[in-house]
Amino acid sequence: MDLRLLRYFQAVAEELSFSRAAERLRIAQPALSRAVQELEQELGVNLVDRNRRMVRLTAAGTVLLQETGIILERVEDACRRVKRTAAGEEGELRLGYIGPPTRTFLGPLLKEYRERHPKVTVILEERTPERVWEMVAKGRLSVGLTRPVLAHETLGLHTLLLRNERFCAAVPVDHAFADKASLSWKQLAGQPLILLARREGAGSHDAVLAACQEAKFTPKLVHTPSLIGTILQYVEAGAGIGIVPDSTLRGQGRLKLVPLKPPAIIPLVMVWGQEEMDPAAVAFRELVKRWLKDGKLEH
């Protein structure tokens, strides 16, 4: 049904006068009469009783007037939503992330994003690095904040480096290493070590093993849990030394991070699909880029 015909009918029904409705619509009265007749023919009913003295609605016309108001209001609302969505002001953002490295900035970042785009629904998915990449590649996530993974180049996704983090030894505050300004990797030889399981973070796991190999020793791995938080629990329990990125500890007064030398680096990146042009996702990426430029993503 032509919405133009509904608007013309609405004007006639509200004015109960073809002449006043034509003046309101700024069209010729004969054209308005033909439009109402066309609508009646399309519906197969009489909508308006006409005579020389007055115009009144039939029962069918009264119902259509009520429905027309609803229809046109919905159309106008849809147009507004489409324009807001195109401007990144409405829609859905599905954000995948890894916990510890994003803990210091993700909350404030999302708060500003919500303030700028209050109509966008934000869905958060905390996952392992590999899982974040997989879900972004399959279009199940709009954007990911994660670590590089072994197969990241073959997935053909866009990436932006947010920061580089160095590995540290996590030890209890009463450990012999706790007062050290730094440790060499060689000093970890023979020590019970705890690091993230390779299946949960191949990039992190392999970087630690490579650093140990460079220092010419085979690490003594006592635990390889799936979560950074579990590494810290083991360390606090005295089970060994945790090898974690320097963004890991926040408010952990019972543990200390000691930088390892020479530095072994693990990146934090933003990743998104080659064809990801959804306005809500684009707006989020642009905000992250501004925060990066302003140094707000440092830890």
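The values are calculated or read from the model by the stated rules, or taken from the named source; none is laboratory data. Keep in mind that this is a model prediction, so the values were computed, not measured. We place every Cβ from the backbone using ideal geometry, glycine too, and count neighbours over all the protein chains shown.
Structure data summary
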| item | result |
| --- | --- |
| Leading residue by the ranking (surrounded by the most Cβ atoms within 10 Å (Cβ to Cβ)) among those in the stretch 231-262 that are among the polar types (S, T, N, Q) and in contact with a strand residue (DSSP E or B) (Cβ under 8 Å, 6 or more places away or on another chain) | THR248 |
| Any pair with Cβ under 7 angstrom, 6 or more apart, that starts in the stretch 6-29 at a residue that is in contact (Cβ under 8 Å) with a residue 12 or more places away in the chain and ends at one that is among the hydroxyl-bearing types (Ser, Thr, Tyr) and surrounded by 18 or more Cβ atoms within 10 Å (Cβ to Cβ) | LEU6/THR68; PHE9/THR68; GLN10/THR68; LEU25/TYR8 |
| Filtered residue count, the stretch 171-196, keeping only those that are loosely packed, with under 15 Cβ neighbours inside 10 Å and either in a loop (DSSP other than H, G, I, E, B) or in contact (Cβ under 8 Å) with a residue 60 or more places away in the chain (or both) | 9 |
| Residue list for the stretch 248-299, filter: among the β-branched types (Val, Ile, Thr) and over 24 Å from SER204 (Cα atoms) | VAL282 |
| Spans of strands (runs of 3 or more DSSP E) in the stretch 34-138 with at least 3 residues surrounded by fewer than 17 Cβ atoms within 10 Å (Cβ to Cβ) and at pLDDT 90 or above | 119-126 |
| Subset tally (residues that are free of Cβ contacts under 8 Å to residues at least 24 places away in the same chain and of a type in the set (D, E, K, R)) for the stretch 130-170 | 3 |
| Meets criteria (out of contact with any Leu (no Cβ under 6 Å at 6 or more places or on another chain) and over 30 Å from ALA283 (Cα atoms)) for GLU42 | yes |
| The listed residue being buried (at least 19 other Cβ atoms within 10 Å of the Cβ) and either closer than 28 Å to GLY139 by Cα or β-branched (Val, Ile, Thr) (or both), out of ILE228, ILE265 | ILE228 |
